[in-house]
Amino acid sequence: MGQTRLYLNASRDEAQAIFKLLDARFDEEGLPISLFEADEENGRFEVSVYVDGNVEQVAGEMREALASLPREPEIVEEAVPDIDWVAHSLEGLTPVRVGRLLVHGSHDRPLRRIGDVAIEIEAGLAFGTGHHGTTAGCLKAISDVLKRERPRTALDLGAGSAVLAIAIAAMARIPVLATDIDPVATRVAAENVRLNGVGSLVETHTAPGFHHRIFAEKRPFDLIVANILARPLMGLAPDMARHLSPGGTLILSGILERQRRAVIAAYQNQGFRHMRTEAREGWVTIQMKR
Ligand SMILES: C[S@@+](CC[C@H](N)C(=O)[O-])C[C@H]1O[C@@H](n2cnc3c(N)ncnc32)[C@H](O)[C@@H]1O
């Protein structure tokens, strides 16, 4: 049987309160819970619980856990497509080549050429197969930065499938911390890291923003890449400044062209210098230095 996503749509503050209550309720059972911005324009967020069976029972437990909220939120049920189905839908897509980097699915292994840094990623629950304009933009920026700089450590925040962390580890052979707010993404990331043979370099953790003790242990980072969305990225600017080495490089994506100025301004306020912006499919990838 496939997985089911039980989710609630709410404002930012409501969603954070819901996430806290559900996280406390399902922590012991180890049910994956995620919180993400579903509609940036209208500031709507979704809190999801992923269930393998007993959907009714979990929905009931969610209602109980949320009973203290001022109004009863609506729980929506959605079937999560089977991985096989998603992988099948990837078959028609072409692999992504950015310089020496080739991101491809398992069916495209024969396309690897000598000298390629090949990364194998299957479409799964976690975002990031390389096809999205933001991921491709980050891969290009990483490739450019590694041509001129020699970072000793890196962070991929909002790692999704960990495609960017794997690219950095494979090209620069340096330790990379890969974190994501979504435990499902972290699980897929860890699997991809292992599959691509960079398990000794890439460490994966579930963490919202910089809220995890691992950051204090590993900082500062010479290179940080974060492909999230404009609004959370602006909120993360002070923490980014605290975690990037002086002279380090920051790559940001998930930003629409019209949001570019606001994001750059938020980072300039924290002492960052804008280096370059590249646009792809309506999204921009910004490189900054501190
Ligand atoms: C657009 S995807 C990027 C995935 C991958 N890095 C790529 O470039 O293809 C954004 C990821 O950021 C994660 N995310 C969103 N908000 C976050 C936050 N505040 N802290 C950590 N991760 C976050 C999401 O769960 C999602 O996996």
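Net length available on complete extension from residue 216 to residue 262 is 13.7 nm, with 0.36 nm assigned per residue and the Cα-Cα distance removed. Averaging the sequence gap over all C-alpha pairs within less than 8 Å and six or more residues apart, then dividing by the number of residues, gives the chain a relative contact order of 14 percent. If you plug the beta carbon distance of residue 79 and residue 38 into 1/(1 + (r/R0)^6) with R0 = 25 Å, you get a FRET efficiency near 0.90. The residues of the range 4-80 expose on average 55 square angstrom of accessible surface per residue, using a 1.4 Å probe on protein heavy atoms. Dipole magnitude for the range 121-213: computed about the Cα centre from +1 point charges on Lys and Arg Cβ and -1 point charges on Asp and Glu Cβ, it is near 380 debye. Site pair residue 100 and residue 275 shows an inter-label distance of 1.8 nm when each label is modelled 7 Å from Cα along Cα→Cβ.
The residues of the range 130-289 expose, per residue, 40 Å² of accessible area to a 1.4 Å probe. Evaluated over the Cα positions of the range 171-218, the convex hull gives a direction-averaged projected area, one quarter of its surface, of 3.4 nm². A 1.4 Å probe, protein heavy atoms only, puts the accessible area of residue 275 near 90 Å².
Using a probe radius of 1.4 angstrom, the carbon and sulfur fraction of the accessible surface of the range 4-80 is 43%.
If every alpha-carbon in the range 130-289 counts as one equal scatterer, what log10 I(q)/I(0) does Debye give at q = 0.20 1/Å? Reported log10 I(q)/I(0), two decimals: -1.35.
DSSP beta bridges fully contained in the chain are about 60 percent antiparallel. Rg then Dmax, both in Å and based on the Cα atoms of the chain: 19.1, 61. Once backbone amide H atoms are built at 1.01 Å from N, residue 254 has 284 as its partners under 5 Å, excluding neighbours fewer than 5 places away on the same chain. Here r is the Cβ-Cβ distance between residue 195 and residue 107 and R0 is 25 Å; the resulting FRET efficiency, rounded to 0.05, is 0.95.
Its DSSP H runs of at least 4 residues, each contributing -39,500 (n - 2.57), put the calculated 222 nm mean residue ellipticity of the chain at -10500 deg cm²/dmol, to the nearest 500.
Overall, the accessible surface of the range 224-290 at a probe of 1.4 angstrom is composed of carbon and sulfur to the extent of 48 percent.
In this structure, the amide hydrogen of residue 204, modeled 1.01 Å from its nitrogen in the peptide plane, lies closer than 5 angstrom to those of 178, counting only residues at least 5 positions away or on a different chain.
About the centre of its Cα atoms, the range 4-80 shows a dipole size close to 160 debye [charges on the beta carbon of Lys, Arg (+1) and Asp, Glu (-1) only; nearest 20 debye]. Can you list the lysines whose alpha carbon is less than 27 Å from that of residue 20, not counting same-chain residues fewer than 8 positions off? Within reach: 218.
Taking Cα centre as origin and charging only the Cβ of basic (Lys, Arg, +1) and acidic (Asp, Glu, -1) residues, the dipole magnitude of the chain rounds to 2160 debye. For the range 4-80, the normalised intensity computed at q = 0.11, 0.17, 0.26, 0.28 Å⁻¹ comes to -0.24, -0.58, -1.36, -1.53 (log10 of I(q)/I(0), Debye sum over alpha carbons, equal scatterers, no solvent).
The values are calculated or read from the model by the stated rules, or taken from the named source; none is laboratory data. Just so we're clear, the structure is a prediction, and the values are computed from it rather than from any experiment. FYI the Cβ positions are ideal-geometry reconstructions off the backbone, even for glycines, and counts take in every protein chain you see. What goes into the accessible areas is simple: the full protein's heavy atoms, side chains included, and nothing from ligands, DNA or RNA. Shrake-Rupley method; radii C 1.70, N 1.55, O 1.52, S 1.80 Å.
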